[in-house]
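The values are calculated or read from the model by the stated rules, or taken from the named source; none is laboratory data. Just so we're clear, the structure is a prediction, and the values are computed from it rather than from any experiment. Positions of Cβ are backbone-derived with ideal geometry, glycine not excepted, and every protein chain shown enters the neighbour counts. Protein only, heavy atoms only, side chains kept; ligands, DNA and RNA dropped before computing areas. Shrake-Rupley method; radii C 1.70, N 1.55, O 1.52, S 1.80 Å.
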Amino acid sequence: MDSIAVQQLATALLIPLGVAFIAYKTRSFDLSGALAGFVVMAIHFWADFRFGAMLLVFFFTSSVLAKVGQEKKRLVYADFMEGGQRNWIQVLSNSCIATILVVALWDLTGGSGLCLDSVKSPSITSLVGGIIGHYSCCSGDTWSSEFGVLSDTQPRLITNSKRVQKGTNGGVTKAGLVAAAGAGTLIGLTFITVGVLSKECTHVATWKQLLVIPLAALAGLCGSVIDSLLGATLQFSGFCSVRKKVVSKPAPTVKRISGRRILDNNAVNFAATFLTSLLTAFICLCVF
């Protein structure tokens, strides 16, 4: 194993190990979440530093936002957890699609030649686009939810624009939608910045890569909208007259607000990221 491979292996192990340890100690992850997060991060960093960087941006921004305004969130969410602690199911529901795409890219390229260029390689372009779309969606949905619940504006149900209680699945606010686009923009900037520092493309391809930024912003916004549509229709929301909060399960004391009990929150996240990744991959093929 040459020195570059050793350095890459060390990066792929040490950074995820440190991040997983910090996440566990700060209660962003429980033990199962920390172990799953370590494996996922290690795969990302081993395949390409840009993928690991996008994952870290999603994780750190989500963790920071989860700790903001916790007293206010405790009044809204019936299943509120201190620090937004995530388990392995939540980790995988927000990362397994991207991880599969990362492994497929590594098998296809060996971790080199990952510029977005559908003329030279449509398969690489679509896979990379899918990963960008994945983390733009995850970040967009998280930012939208966090900024939305902290906003003083009462959300409106995305399917009929009626005002609903905060914490209702499918409820959206202007602040939340703007935040979703901002989150996608940050993912796009991360991909471009790390790519400029660590990768080389042809001159034309390098400049064209900048289109990733508005594309990622659109993916963040679309991902949040898709998540809200699925939440409003396939995920139950009801108001409990005893707890005075929005809950996700029917009960005698719960009045239905929207949705059906078909998907839970993790399934909605998975479906939204899958659809956004697919859409972003297709757009990348058309744009690049």
Scanning the range 235-260 for residues that are within 27 Å of the chain's Cα centre (by Cα), modelled with pLDDT under 90 and among the charged types (D, E, K, R), the one surrounded by the most Cβ atoms within 10 Å (Cβ to Cβ) turns out to be Lys245
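Could you check the range 16-28 and list, in sequence order, the residues that are under 22 Å from Val103 (Cβ atoms) and open to solvent by less than 60 Å² (accessible area, probe 1.4 Å)?
Taking the range 16-28 first, the residues under 22 Å from Val103 (Cβ atoms) are 16-17, 19-20.
Result: Pro16, Val19, Ala20.
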Filter the range 165-189 for residues that are open to solvent by less than 20 Å² (accessible area, probe 1.4 Å) and within 15 Å of the chain's Cα centre (by Cα) and give the result. Gly176, Ala179, Ala180, Ala183, Gly184, Ile187, Gly188
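One line per residue, one yes/no per condition, for (1) over 24 Å from Ala219 (Cα atoms); (2) modelled with pLDDT of 80 or more; (3) among the hydroxyl-bearing types (Ser, Thr, Tyr); (4) in contact with a helix residue (DSSP H, G or I) (Cβ under 6 Å, 6 or more places away or on another chain):
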{"site": "Ile4", "(1), (2), (3), (4)": "yes, no, no, no"}
{"site": "Phe38", "(1), (2), (3), (4)": "yes, yes, no, yes"}
{"site": "Phe49", "(1), (2), (3), (4)": "no, yes, no, yes"}
{"site": "Leu75", "(1), (2), (3), (4)": "yes, no, no, no"}
{"site": "Trp88", "(1), (2), (3), (4)": "yes, yes, no, yes"}
{"site": "Cys96", "(1), (2), (3), (4)": "no, yes, no, no"}
Near pairs, Cβ below 7 angstrom, 6+ apart or cross-chain, from the range 180-192 (closer than 10 Å to Val212 by Cβ and free of Cβ contacts under 8 Å to residues at least 60 places away in the same chain) to any residue that is assigned to a helix (DSSP H, G or I) and acidic (Asp, Glu): none
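Report, by residue number, each residue of the range 31-54 that is farther than 17 Å from Ile192 by Cα and aliphatic (A, V, I, L, M).
Residues satisfying the conditions are Leu31, Ala34, Leu35, Ala36, Val39, Val40, Met41, Ala42, Ile43.
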Flagged in the range 143-164 as more than 14 Å from the chain's Cα centre (by Cα), touching a residue at least 24 places away in the same chain (Cβ under 8 Å) and surrounded by 17 or more Cβ atoms within 10 Å (Cβ to Cβ), in numbering order, are Phe147, Gly148, Val149, Leu150, Leu157, Ile158, Val164
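Looking only at strands (runs of 3 or more DSSP E) that lie completely in the range 234-288, which have at least 1 residues being on the phi < 0 side of the Ramachandran plot and among the charged types (D, E, K, R)? Steps first, please.
Details: elements: 237-240, 245-247, 254-258.
Where strands (runs of 3 or more DSSP E) fall fully within the range 234-288 and carry at least 1 residues being on the phi < 0 side of the Ramachandran plot and among the charged types (D, E, K, R), they are 245-247, 254-258.
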Of the numbered conditions (1) open to solvent by 10 Å² or more (accessible area, probe 1.4 Å); (2) within 25 Å of Leu189 (Cβ to Cβ); (3) touching a helix residue (DSSP H, G or I) at 6+ places or on another chain (Cβ under 6 Å), Ser136 fails exactly one; give the number of that condition. (1)
Do we find that Leu101 is at pLDDT 90 or above and buried (at least 16 other Cβ atoms within 10 Å of the Cβ) in this structure? yes
Counted residues, the range 135-152 - those being within 13 Å of Gly171 (Cβ to Cβ) and small (Gly, Ala, Ser): 4
Counting only residues that are open to solvent by 10 Å² or more (accessible area, probe 1.4 Å) and of a type in the set (D, E, K, R), how many does the range 36-49 have? 0
List every residue pair whose Cβ atoms lie under 9 Å apart, where the two residues are 6 or more positions apart in sequence or sit on different chains, the first residue falls within the range 249-262 and is of a type in the set (Lys, Arg), and the second residue, located anywhere, is modelled with pLDDT of 90 or more and not in a loop (DSSP other than H, G, I, E, B). Arg260/Thr233; Arg260/Leu234; Arg261/Leu234
